[in-house]
Amino acid sequence: MAAVLPLADLKRQVRPDTWLNSIIKGDCVAALEALPDHSVDAIFADPPYNLQLGGTLHRPDQSLVDAVDDEWDQFASFEMYDVFTRAWLLACRRVLKPHGTIWVIGSYHNIFRVGAIMQDLNFWLLNDIVWRKVNPMPNFKGRRFQNAHETMIWASRDAKAKGYTFNYDALKASNDDVQMRSDWLFPICSGNERLKGEDGKKVHPTQKPEALLARVIMASTKPGDVILDPFFGSGTTGAVAKRLGRNFVGIEREQDYIDAASARIASVEPLGKAELTVMTGKKAEPRVAFNTLVESGLVKPGQVLTDARRRHSAIIRADGTLAAGGEAGSIHRLGAKVQGLDACNGWTFWHFDDGQSLRPIDELRSVIRNDMAKLD
Ligand SMILES: C[S@@+](CC[C@H](N)C(=O)[O-])C[C@H]1O[C@@H](n2cnc3c(N)ncnc32)[C@H](O)[C@@H]1O
């Protein structure tokens, strides 16, 4: 079973081993208050949608639709919903690491309000992902379009947070080498995956599909990261996080859901280290400026760089720029200039002479990156 923590036992700045991979029981705003600043790498939030259902809904055969009419989804007004949304988003922002990201899922009932509040709180929207449902519920009254999708907002903590995790290369490779798009097609949660009680009824009315969470987690976290879910419900985030070698923290008010989530997570077997290694490519590598090569002595001011066939040459200056024929600039700008081109990758164009052969300066950048990796 996943550990369950009563809120009263949590005090802010407690050691992570007391709350990691646990479900905190209580209101999420109060529970978030108890967690340390900048302590989670990612957040997945599936808040109440405030569905505003007016009475019961029937199918054409008069059978009752099992709609989300739970007390936790009801708010007295849009203003009350906004106050609640602002409070939990603000609390989430404090516990999110500076380079962490947050996902919030919703429908047309709430997602526009949530998005506006996120922008007001300085979150920086990275994408809105449309989850298109393979098997959506029909519109029984035939008075509107069939509501066949939900929207997820993916955002960084602020506009300056550039170093967030996005496993671009792995996603592309997993998508037959085609860039992953912002519209995702998945079935709603059904079959064996849907948790049912002894009475055969759904344990939770809005259990999300594990495939959706798997893509969210694979896209925006690394193995070992901590993912927080402030509206844990049946524990989908925790189950998928555990299987994918990530840590989770769940917050949930209702004991029945906590019990179901706890048993569900206990039955999950994590994948092995080899299966979880994330494919990375050039975009995922840390940025190294040419000046770093100068500062670290791998190249020296006054040294001459040439192209691979020695047709063009330039001198390295102490400020990390190159100079040739009365022109100066970055390795890229000067590489383009000497060839009469608009653009050039200076890392592969410029070469240094190691006494035996010409080698691209990109090899020296790799030396720096290898040193950086040893420090991680
Ligand atoms: C939309 S459901 C999340 C479902 C979940 N993603 C899943 O796959 O099972 C929202 C959940 O948030 C819980 N909840 C609502 N308000 C809450 C609050 N203020 N604090 C903590 N949990 C809350 C509800 O009990 C409900 O289980």
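The values are calculated or read from the model by the stated rules, or taken from the named source; none is laboratory data. Quick caveat: nothing in here was measured; it's all calculated off a predicted structure. Heads up, the Cβs are rebuilt from the backbone with ideal geometry, glycines too, and the neighbour counts pull from every protein chain shown. Remember, those area values only see protein heavy atoms, side chains included, never the ligands or the DNA or RNA. Shrake-Rupley method; radii C 1.70, N 1.55, O 1.52, S 1.80 Å.
For the condition open to solvent by less than 80 Å² (accessible area, probe 1.4 Å) and in contact with a Cys (Cβ under 7 Å, 6 or more places away or on another chain), residue 336 qualifies.
Condition (residue is away from the ligand (no atom under 11 Å from the Cβ), modelled with pLDDT of 90 or more and open to solvent by less than 80 Å² (accessible area, probe 1.4 Å)) applied to the stretch 23-30: is it met by at least one residue? Taking every residue of the stretch 23-30 in turn, none turns out to be away from the ligand (no atom under 11 Å from the Cβ), modelled with pLDDT of 90 or more and open to solvent by less than 80 Å² (accessible area, probe 1.4 Å). Is one or more of the residues making up the stretch 204-218 of a type outside the set (Ser, Thr, Tyr), more than 23 Å from residue 131 (Cα to Cα), in contact with a strand residue (DSSP E or B) (Cβ under 7 Å, 6 or more places away or on another chain) and open to solvent by 40 Å² or more (accessible area, probe 1.4 Å)? The answer is no, given that none of the residues of the stretch 204-218 is of a type outside the set (Ser, Thr, Tyr), more than 23 Å from residue 131 (Cα to Cα), in contact with a strand residue (DSSP E or B) (Cβ under 7 Å, 6 or more places away or on another chain) and open to solvent by 40 Å² or more (accessible area, probe 1.4 Å).
Scanning the stretch 183-203 turns up no residue that is of a type in the set (Gly, Ala, Ser), in a helix (DSSP H, G or I) and touching a residue at least 12 places away in the same chain (Cβ under 8 Å).
Among the conditions (1) closer than 27 Å to residue 64 by Cα; (2) touching a helix residue (DSSP H, G or I) at 6+ places or on another chain (Cβ under 9 Å); (3) away from the ligand (no atom under 16 Å from the Cβ), the only one that residue 186 does not satisfy is (3). Could you please find all residues in the stretch 138-154 being free of Cβ contacts under 8 Å to residues at least 60 places away in the same chain and open to solvent by less than 40 Å² (accessible area, probe 1.4 Å)? The answer is 148, 150, 151, 153. Regarding residue 238, is this residue open to solvent by less than 40 Å² (accessible area, probe 1.4 Å), within 16 Å of residue 47 (Cα to Cα) and part of a helix (DSSP H, G or I)? So residue 238 passes the test. Taken over the stretch 267-294, the criterion of being within 16 Å of the ligand (Cβ to nearest atom) and either surrounded by 12 or more Cβ atoms within 10 Å (Cβ to Cβ) or of a type in the set (Lys, Arg) (or both) is satisfied by 268 alone. Kindly evaluate residue 67 against the criterion of being open to solvent by less than 10 Å² (accessible area, probe 1.4 Å), more than 15 Å from the chain's Cα centre (by Cα) and more than 23 Å from residue 158 (Cβ to Cβ). No, not satisfied. Applying the set (1) over 20 Å from the mean Cα position of the chain (by Cα); (2) under 30 Å from residue 76 (Cβ atoms); (3) away from the ligand (no atom under 16 Å from the Cβ); (4) not polar (S, T, N, Q) to residue 177 leaves exactly one unmet item: (2).
The condition of being free of Cβ contacts under 8 Å to residues at least 40 places away in the same chain and either more than 30 Å from residue 201 (Cβ to Cβ) or open to solvent by 30 Å² or more (accessible area, probe 1.4 Å) (or both) holds for only one of 97, 160, that being 160.
Applying the condition of being in a helix (DSSP H, G or I) and within 13 Å of the ligand (Cβ to nearest atom) to the stretch 87-116 and asking which residue is farthest from residue 40 (Cα to Cα) yields 111.
Select from the stretch 229-260 the residues that are charged (D, E, K, R) and touching a residue at least 40 places away in the same chain (Cβ under 8 Å) and write down the one among them that is farthest from the ligand (Cβ to nearest atom). The selected residue is 242.
Table: residues versus (1) at pLDDT 95 or above; (2) among the charged types (D, E, K, R); (3) surrounded by 15 or more Cβ atoms within 10 Å (Cβ to Cβ); (4) farther than 24 Å from residue 226 by Cβ.
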| residue | (1), (2), (3), (4) |
| --- | --- |
| 156 | yes, no, yes, no |
| 169 | no, yes, yes, no |
| 175 | no, no, no, yes |
| 178 | no, no, no, yes |
| 191 | no, no, no, yes |
| 197 | no, no, no, yes |
